[in-house]
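None of the figures in this text is laboratory data; all of them are computed from the coordinates on show. Keep in mind that this is a model prediction, so the values were computed, not measured. Cβ placement follows ideal geometry from the backbone for every residue including glycine, while neighbour counts extend to all protein chains displayed.
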Amino acid sequence: MKKWKVRGLALLLALSLTACASSEPAGTTGDVAATQETETEVTPETTVVPEETATPEPTEAPEPVETEAPEVTENFQSLFAKYDMKAGTCLSDYMITDEKCLEIIKEHFNSITFENLLKPEAILDKQASQDAGDLVVTFNDSTIALLDWCRENSMAMRGHTLVWYSQTPSWIFYENFDTNAELVSRDVMLTRMESYIRQVFEQLESLGYLELFYAYDVVNEAWMEDGTMRDCLWLNTIGDDYIWYAFHYANMYAPDYVDLYYNDYNEQFKTNTLYDFVQTLVDEEGNYLIDGIGFQAHLYTGDNLDQYFKTVEKLGSTGLKINLTELEVSLGTWQDIKPATEENLKIQGQYYYNLIGGLLQMVEEGKVEMDSLTFWGFADQLSWRKERNPLFFDSAYKPKYAYYGALQIKEYAGFDE
Ligand code: GLA
């Protein structure tokens with residue numbers, strides 16, 4: 001844990017206000033998927049800055065004030081290692097050139113999910129596909145740079161994601177890879193899907209990265225809360241067994257050490273749907289084609305934790321692994337986002353404390369097999385939900401109550417004495 005120094009009143013005030021102000025992005029990716037599109041964007045209420053703190057007095061230069069962040073020796077890696085779990089974060093290309101990000105990532109995490117750079121739109125090559133008459137996978141320079149960074153830093157990886165309705169170019173579904181032409185037949189799309197999945201694993205292997213991977217999200221976000229399948233071009237071209245085929249092909253081409261996952265959001269509202277659906281992902285002998293269920297866990301402090309734990313237990317009872325794959329806890333509810341007041345940040349710290357503590361206890365009691373928990377970032381201003389202040393560090397990289405809560409350090413997690 002680093003200590004930070006606050007030099008002078010103005011800086012002290014500026015720092016104390018950062019927890020209340022939503023900050024500008026410092027390099028967000030900008031190509032965030034239109035996921036959870038049922039959500040209404042709600043602007044958080046404007047935080048009122050107390051007048052007396054807004055303009056520091058220009059009197060004598062004050063003595064430097066030094067405050068220290070509490071000394072903690074725990075980090076996410078060390079905490080989760082006690083439960084044989086990896087600690088993960090998402091990673092974007094701008095982070096590996098930012099010293100502060102690197103310091104945090106190396107201290108806390110041993111598992112990486114690329115925020116965008118292994119998504120279909122990042123790796124499917126239109127020109128090469130048209131030239132070859134087959135879907136062609138090409139890892140671009142940014143993807144290769146991040147893969148290299150993970151290899152150099154001994155990071156384990158979750159692959160994200162192969163088959164998804166979003167951040168997937170629509171030209172892959174059309175004759176001649178041309179959206180002005182007709183959609184291809186089921187047989188052609190199955191051939192393309194197989195070729196695409198095969199190339200991903202073959203190229204990762206031949207480039208020497210495959211052994212970093214312990215898990216891969218084969219299909220992302222295919223189910224709706226009402227139990228129906230999401231309408232998308234995979235469904236429209238192949239039919240409602242497209243998920244089965246995606247897992248069938250992934251099983252053919254992925255090595256055994258890569259666990260194959262179905263990943264989704266609002267898992268606590270899709271529990272029965274997912275429970276029934278995963279039982280259908282079996283081969284002719286009845287063996288699972290799937291190894292795990294990814295819970296995106298884009299949660300809010302208003303979400304019911306007991307309900308969440310019940311979902312973990314029920315889906316864990318399928319015998320499949322459960323990974324939390326994109327955890328962050330926004331303030332409020334999705335209909336009613338709360339501002340980053342001291343009180344709300346304390347509630348967030350407590351929520352993280354209870355959530356992580358509860359999950360670790362379930363792992364310890366053998367109620368769920370969870371070998372990895374990934375947060376969708378670590379600093380609020382880098383998050384796709386930055387205006388909802390969902391993570392551990394504020395815009396000055398000061399640890400929030402959420403940080404101590406998630407690390408199970410109760411005395412700093414925002415609980416009253
Ligand atoms: C979903 C996807 C992620 C990412 C987030 C937004 O959860 O699975 O890959 O796009 O949305 O960052």
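Within the range 160-186, can you find the residues that are in contact with a helix residue (DSSP H, G or I) (Cβ under 8 Å, 6 or more places away or on another chain) and either within 16 Å of the ligand (Cβ to nearest atom) or under 20 Å from residue 89 (Cβ atoms) (or both)? Listed by number, the residues that qualify are 161, 162, 163, 164, 165, 167, 168, 169. Residues satisfying the criterion are absent from the range 351-373 (criterion: part of a loop (DSSP other than H, G, I, E, B), of a type in the set (S, T, N, Q) and surrounded by fewer than 22 Cβ atoms within 10 Å (Cβ to Cβ)).
Considering only residues of the range 146-186 that are outside any loop (DSSP other than H, G, I, E, B) and polar (S, T, N, Q), which is surrounded by the fewest Cβ atoms within 10 Å (Cβ to Cβ)? Looking at residues that are outside any loop (DSSP other than H, G, I, E, B) and polar (S, T, N, Q), I get 170. Filtered by the rule that a residue be among the basic types (Lys, Arg), buried (at least 24 other Cβ atoms within 10 Å of the Cβ) and not in a helix (DSSP H, G or I), the range 374-400 gives a lone residue, 400. In the range 281-347, counting only strands (runs of 3 or more DSSP E) that sit wholly within it, the ones holding 1 or more residues that are away from the ligand (no atom under 16 Å from the Cβ) and touching a strand residue (DSSP E or B) at 6+ places or on another chain (Cβ under 8 Å) span 321-330. How many of the residues making up the range 71-94 are within 16 Å of the ligand (Cβ to nearest atom) and either of a type in the set (Phe, Trp, Tyr) or surrounded by 23 or more Cβ atoms within 10 Å (Cβ to Cβ) (or both)? Adding up the residues that qualify gives 5.
Somewhere in the range 136-154, is a residue in contact (Cβ under 8 Å) with a residue 60 or more places away in the chain, more than 16 Å from the ligand (Cβ to nearest atom) and closer than 21 Å to residue 184 by Cβ?
yes
Looking only at the range 245-267, which residues are buried (at least 19 other Cβ atoms within 10 Å of the Cβ), touching a residue at least 40 places away in the same chain (Cβ under 8 Å) and not in a loop (DSSP other than H, G, I, E, B)? Once the filter is applied, which keeps residues that are buried (at least 19 other Cβ atoms within 10 Å of the Cβ), touching a residue at least 40 places away in the same chain (Cβ under 8 Å) and not in a loop (DSSP other than H, G, I, E, B), the range 245-267 yields 245, 246, 247, 249, 250, 259, 260, 261, 262, 263, 264, 267. Residues in the range 391-411 that are on the phi > 0 side of the Ramachandran plot and under 20 Å from the mean Cα position of the chain (by Cα): 397 only.
Against the numbered list (1) in contact with a strand residue (DSSP E or B) (Cβ under 8 Å, 6 or more places away or on another chain); (2) on the phi > 0 side of the Ramachandran plot, residue 176 comes up short only at (1). Scan the range 115-123 and tell me whether some residue there is away from the ligand (no atom under 16 Å from the Cβ), within 20 Å of the chain's Cα centre (by Cα) and either outside any strand (DSSP E or B) or surrounded by 15 or more Cβ atoms within 10 Å (Cβ to Cβ) (or both). Checked against the condition, which is being away from the ligand (no atom under 16 Å from the Cβ), within 20 Å of the chain's Cα centre (by Cα) and either outside any strand (DSSP E or B) or surrounded by 15 or more Cβ atoms within 10 Å (Cβ to Cβ) (or both), the range 115-123 yields no hits at all.
Residue 411 - would you say it is more than 18 Å from residue 104 (Cα to Cα), within 16 Å of the ligand (Cβ to nearest atom) and in a helix (DSSP H, G or I)? Judged against the criteria, residue 411 is not a match.
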